[in-house]
Structure formats: C-alpha cells, structure tokens
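For reference, the structure is listed below as structure tokens.
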Amino acid sequence: MIAAPAIQTSSLSKYYGRTSAVQNLDLVVEANRITGFLGRNGAGKSTTIKMLLGLIRPTGGDGTILGRQITNPELNRQARAHIAYVAEDKPLYRYLTVAQTVRFAAAFYRDWRCDVAGKLLREYELPLNRRVKALSKGMRTKLALLLALARKPELLILDEPTEGLDPVMIEHLMQTIVARAAEGTAVFFSSHQIAEVERVADQVCILDRGCLVLDRSLDSLRESFRRVDMVFPVDVVEREFQLPGVERIRANRRQMSVLTSANAEGVIERARAFNAVSLEVAPVGLRDVFLAMVNGLESAIGKEN
Ligand code: ATP
C-alpha cells in the first residue's frame, strides 16, 4: 500500500505586506522518506514551515499535513499532536533549567520516550541544573533537538537544525535523523548544510524567491544531472547551447561548461557539430545543482571569476 503524503500543498502563498515570501507552492512530502528543504537566505523556507504548522495564515492556497487541512485550526491542532517541530529560533523557557525543561516536555507529549530522552541527555552532555538563559547557543539547539527527538512522532520538521552545532553533534544528528526515518517517521528539514542534506536525504526540494525550483529524488538527480565541459577551436556563443534540459552555461571564449538536468546527449551532439576539441561529461553533486537552480549568486560568482 502506498502511504498518503505527509505534506501536500496547492498554490500555497504568503505575502507580508507587499513582500511575496512564498508563491503558489505545490509541494508533496512523502511519508516514508527524508526530505531536505534548501534555499538561500530569505527564500521562504521558514514561512512555508510556519504555514504548514498553522503558525501563520497563508495569503492564498491550502494544503494538508498528515491528512488534515492546514488552514483549519482545529484539524491543524490535531495534526500537531503527531508532529515534532524544532523552530529556527529554538524557543525555550529561559528561566527553566535543562532538567525542568525536559520534565515539562515529558508531561506534555503523549509520544514521549523516557529512555530515549535519558540517552540523548547523556550523549548531548547537557548540564541538567543550568538555566536555559545560561546555555550556549549550541547547547540551546541541542536541548531543542532533544525535545523533538525524544518523541516518536509521525512527522519530524526541523528548521535549520544544525545551526550552531559542532561537527560531532552534526554527525550525531544526521545519524539520528536516519534512524528516526528507519523507524517510520517522515522527516522534513531545512538546512544550509548541502553536504549533509546530500548524505542523508532521499528527496530534495529547492525554494528560490518563494518558488519551488527543484523537487527531485537524490537518486534521480544523480542519474540525470551532468556537467559537460568543452573546448572549441574558435569562440562559441552561449546561445547555441541553450537547449532543453540546460540549466546553466558558463562560457569563456573557447571554453564552455554546461550543466544539464536532462538531455546531456543533446549538448554532446551540439559540441560535436561545433568540432569540440575536448569534451568531458561528469556527474554533479547537490552543491552544483543548488548553485545552478538559485538566482542571484550565480551571476555574482560569474562576475568575480
Ligand atoms: P533563512 O535561510 O535566512 O532563514 P528563509 O528561507 O527561512 O530564510 P523566510 O524567513 O521564510 O526565509 O523569509 C522569506 C521572506 O519573507 C523574506 O523576504 C523575509 O524578509 C520575509 N519575512 C519573513 N517573516 C516576515 C515577517 N514577519 N514580516 C515581514 N516579512 C517577513
């Protein structure tokens, strides 16, 4: 049986005054996978997550989360009982100690697992009697993560979970995310750590200026994205290589590098027609795909080089 999507949106949009934060978002997050949610600063990731959780109201469109309509406050509240969420700003009660915070959460959530909480407390080495306001930024992130990871939710939503964490903690978190997914929890997490997303995610969604510009499985991305590097006997104009499936072209007189999401064969054929003296085709990583799909940065990098 195919499980219903954990998240599904249709034309979901948000304006803050005249600022368009999210535009006509059609997003499907499958239940049985880890989905990485990428985008530049201000792309609209947190705004999307807050709309999904009913924390802010969409300007247009709607969707479902765990099968419940997101714009219906009662249904959204029911869904949230099965969702663990770590917000970008990791809000916690400043005057509670670590131990008090954990006890408070344990009493609050039905799906709380005391054994897991105890294990994470030991592994995260959090000072039990220290107040939240006296914790370092990374410690606060660890505590916020612990409160989500000690539960057994149907859906785990993490908004920039690695911010402020040291490399050991990032590694631990990635392993925990994979373990939770193996237990059947759907994971949806936003991150700027492209290498980590590439390592653990099954699916990648890229948001750019509020629009979804990529929604692909990492397997299909690895299979279909290619970089074609070419050298020609004479200068060649970019226009000749603007073919279907071409996402980015970098040209420098006789050299050209083309990134394709499909149809690398078409580019190779065109290269041969222009008598390329050198032709190399290579698979590309998520970082290159990200840089090709988002606006702004690419032209800035191009100018510097
Ligand atoms: P980052 O990676 O920097 O956290 P993000 O992808 O999470 O960014 P959002 O926080 O969703 O981006 O912001 C999307 C856009 O909406 C930005 O232009 C931001 O300035 C704007 N925005 C977000 N919250 C508000 C708000 N409360 N009032 C007005 N504009 C807002």
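The values are calculated or read from the model by the stated rules, or taken from the named source; none is laboratory data. On a predicted model such as this, the values are computed, not experimentally measured, just so you know. With ideal geometry, Cβ positions are generated from the backbone for all residues, glycine too; neighbour counts draw on all protein chains shown.
Would you confirm whether any residue within the range 204-216 is of a type outside the set (A, V, I, L, M, F, W, C), part of a strand (DSSP E or B) and free of Cβ contacts under 8 Å to residues at least 60 places away in the same chain?
Initial filter on the range 204-216 (of a type outside the set (A, V, I, L, M, F, W, C)): 208-210, 215-216.
Next, only the ones that are part of a strand (DSSP E or B) stay: 208, 215-216.
This time we only want the ones that are free of Cβ contacts under 8 Å to residues at least 60 places away in the same chain, so: 216.
Checked against the condition, which is being of a type outside the set (A, V, I, L, M, F, W, C), part of a strand (DSSP E or B) and free of Cβ contacts under 8 Å to residues at least 60 places away in the same chain, the range 204-216 yields at least one hit.
Does Glu171 satisfy the criteria of being of a type in the set (Asp, Glu), modelled with pLDDT under 95 and under 30 Å from Glu265 (Cβ atoms)?
No: the conditions fail for Glu171.
Of all residues in the range 54-86 being among the aliphatic types (A, V, I, L, M) and buried (at least 18 other Cβ atoms within 10 Å of the Cβ), which is nearest to the ligand (Cβ to nearest atom)?
Val86
Take Arg122 and tell me if it is of a type in the set (Lys, Arg) and part of a loop (DSSP other than H, G, I, E, B). Can you show your working first?
Numbers: of a type in the set (Lys, Arg): yes; part of a loop (DSSP other than H, G, I, E, B): no.
In short, no.
Provide a single number: the residues in the range 6-43 that are within 15 Å of the ligand (Cβ to nearest atom), farther than 15 Å from Leu218 by Cα and either small (Gly, Ala, Ser) or crowded, with 18+ Cβ neighbours inside 10 Å (or both).
Count: 14.
Of all residues in the range 109-137, which are exposed (fewer than 15 other Cβ atoms within 10 Å of the Cβ) and within 28 Å of the chain's Cα centre (by Cα)?
Arg110, Asp111, Lys119, Glu123, Glu125, Ser136, Lys137
Tally time: how many residues in the range 186-203 are in contact (Cβ under 8 Å) with a residue 40 or more places away in the chain and part of a loop (DSSP other than H, G, I, E, B)? Please lay out each step first, then the result.
Keep residues of the range 186-203 that are in contact (Cβ under 8 Å) with a residue 40 or more places away in the chain, which gives 186-192, 194-195, 197-198, 200-203.
When the remaining residues are screened for being part of a loop (DSSP other than H, G, I, E, B), the result is 191-192, 201-202.
Number satisfying all stated conditions: 4.
Determine, yes or no, whether Thr48 is in contact with a Ser or Thr (Cβ under 9 Å, 6 or more places away or on another chain), touching a residue at least 40 places away in the same chain (Cβ under 8 Å), within 16 Å of the ligand (Cβ to nearest atom) and in the same structural domain as Leu212 (by TED's automatic domain parsing). Can you show your working first?
Working: in contact with a Ser or Thr (Cβ under 9 Å, 6 or more places away or on another chain): yes; touching a residue at least 40 places away in the same chain (Cβ under 8 Å): yes; within 16 Å of the ligand (Cβ to nearest atom): yes; in the same structural domain as Leu212 (by TED's automatic domain parsing): yes.
Considered against the rule, which asks whether it is in contact with a Ser or Thr (Cβ under 9 Å, 6 or more places away or on another chain), touching a residue at least 40 places away in the same chain (Cβ under 8 Å), within 16 Å of the ligand (Cβ to nearest atom) and in the same structural domain as Leu212 (by TED's automatic domain parsing), Thr48 comes out as yes.
Before we move on, is Arg209 within 17 Å of the chain's Cα centre (by Cα), of a type outside the set (Val, Ile, Thr), surrounded by fewer than 17 Cβ atoms within 10 Å (Cβ to Cβ) and farther than 18 Å from Val116 by Cβ? Don't jump to the end; show me each part of the working.
Working: within 17 Å of the chain's Cα centre (by Cα): yes; of a type outside the set (Val, Ile, Thr): yes; surrounded by fewer than 17 Cβ atoms within 10 Å (Cβ to Cβ): no; farther than 18 Å from Val116 by Cβ: yes.
Criteria not met by Arg209.
Assess whether Val187 counts as being away from the ligand (no atom under 16 Å from the Cβ) and under 15 Å from the mean Cα position of the chain (by Cα). Before you say what the answer is, go through the steps one by one.
Details: away from the ligand (no atom under 16 Å from the Cβ): yes; under 15 Å from the mean Cα position of the chain (by Cα): yes.
In short, yes.
I need every pair where a residue in the range 234-255 that is small (Gly, Ala, Ser) has its Cβ under 8 Å from the Cβ of a residue that is in a loop (DSSP other than H, G, I, E, B), sequence separation at least 6 or different chains.
Pairs found: Gly245/Ser261; Gly245/Ala262; Gly245/Asn263; Ala251/Val236; Ala251/Val237.
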